[in-house]
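Before any comments, here is the structure.
The values are calculated or read from the model by the stated rules, or taken from the named source; none is laboratory data. Quick caveat, the model's predicted, so the values are computed rather than measured. We place every Cβ from the backbone using ideal geometry, glycine too, and count neighbours over all the protein chains shown. Remember, those area values only see protein heavy atoms, side chains included, never the ligands or the DNA or RNA. Shrake-Rupley method; radii C 1.70, N 1.55, O 1.52, S 1.80 Å.
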Amino acid sequence: MHYQGSCHCGAVKFSFEAEPIERGLRCNCSLCARKGAMMSAQVISSELLKISAQEDALGLYQFGARTAKHYFCKQCGIYTFHETARAPGHYRVNLGCVEGIDPFALEADLFDGRHLL
């Protein structure tokens, strides 16, 4: 399926091809626990994730070992996607940013990021 998403203000947009999204993923690391986002359960390769951002709109936050790359919109502050620490070059997206997906209606698996960092 083809999916499209964006931050709240639309300055950061993305699209990707993936199997139908039927589940989400939550992480309990210190960052994810605070932002509370539901992420895509499947990882998306950099070849399949197309990112379009207005100039200087895409921000990057890293912490700990600085291997995961958490991206957000510098204008509205919304976390849009991140490059995973365990699979560089692969991403998970914030399902709350994906058109047609209700993250509150999805079952979620738990990723134990708290004990990996």
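Using the charge dipole of region 1-65 (Lys, Arg: +1 at Cβ; Asp, Glu: -1 at Cβ; taken about the Cα centre), state which of LEU31, ILE21, ILE44 has its Cα farthest towards the positive end.
Farthest towards the positive pole: LEU31.
Taking only protein heavy atoms and a 1.4 Å probe, what accessible area per residue, in Å², does region 1-83 have with all protein chains in place? Walk me through the intermediate numbers first.
Details: 4520 Å² over 83 residues.
Here the residues of region 1-83 average 54 Å² of exposed surface.
Please get the size of the charge dipole for region 17-92, origin at its Cα centre, with Cβ charges of +1 on Lys and Arg and -1 on Asp and Glu, quoted in debye to the nearest 20.
Details: 10 positive and 7 negative charges, 87 e Å.
The calculation lands at about 420 debye.
First select every other residue whose beta carbon is under 14 angstrom from the beta carbon of PHE72; then total the charges, Lys and Arg +1, Asp and Glu -1.
My count for the surroundings of PHE72 gives +4.
If packing is taken as the average count of other Cβ atoms within 10 Å, what order do 24-34, 98-108 fall into, highest mean first? Intermediate values should be presented prior to the final figure.
Numbers: 24-34: 16.5, 98-108: 12.8.
Per-residue Cβ counts within 10 Å, averaged per peptide and sorted highest first, yield 24-34, 98-108.
Under 5 Å between amide H atoms, partner at least 5 residues away or on a different chain: which partners does GLY24 have, H built in plane at 1.01 Å?
GLU107, ALA108, ASP109
Quick one: with all protein chains in place, what share of the accessible area of the chain is carbon or sulfur, to the nearest percent (1.4 Å probe)? If you can, show how the numbers build up before the last one.
Values: 3410 of 6760 Å².
Result for the chain: 50 percent of the exposed heavy-atom area is carbon or sulfur.
Take peptides 62-69, 5-12 and line them up by average Cβ neighbours within 10 Å, highest first, as a rough protection proxy.
Numbers: 62-69: 13.2, 5-12: 18.8.
Final packing ranking: 5-12, 62-69.
For the residue pair ARG86 and HIS8, what label-to-label distance in nm results when each label sits 7 Å from Cα along the Cα-to-beta-carbon direction?
3.0 nm
Select from ILE21, ILE44, ILE78 the residue whose mean-square fluctuation is largest in a Gaussian network model of the chain (Cα-Cα springs shorter than 10 Å).
In the Gaussian network model the winner is ILE21.
Taking the Kirkwood radius as the inverse of the mean 1/r across Cα pairs, report the Rg/Rh of the chain. Numbers along the way, then the final one.
Values: Rg = 13.2 Å, Rh = 14.2 Å.
Here Rg/Rh amounts to 0.93.
HN-Hα J couplings of region 100-107 from phi, Karplus 6.51/-1.76/1.60, θ = phi - 60°, integer Hz, Gly and Pro as x?
x, 10, 9, x, 6, 9, 9, 6
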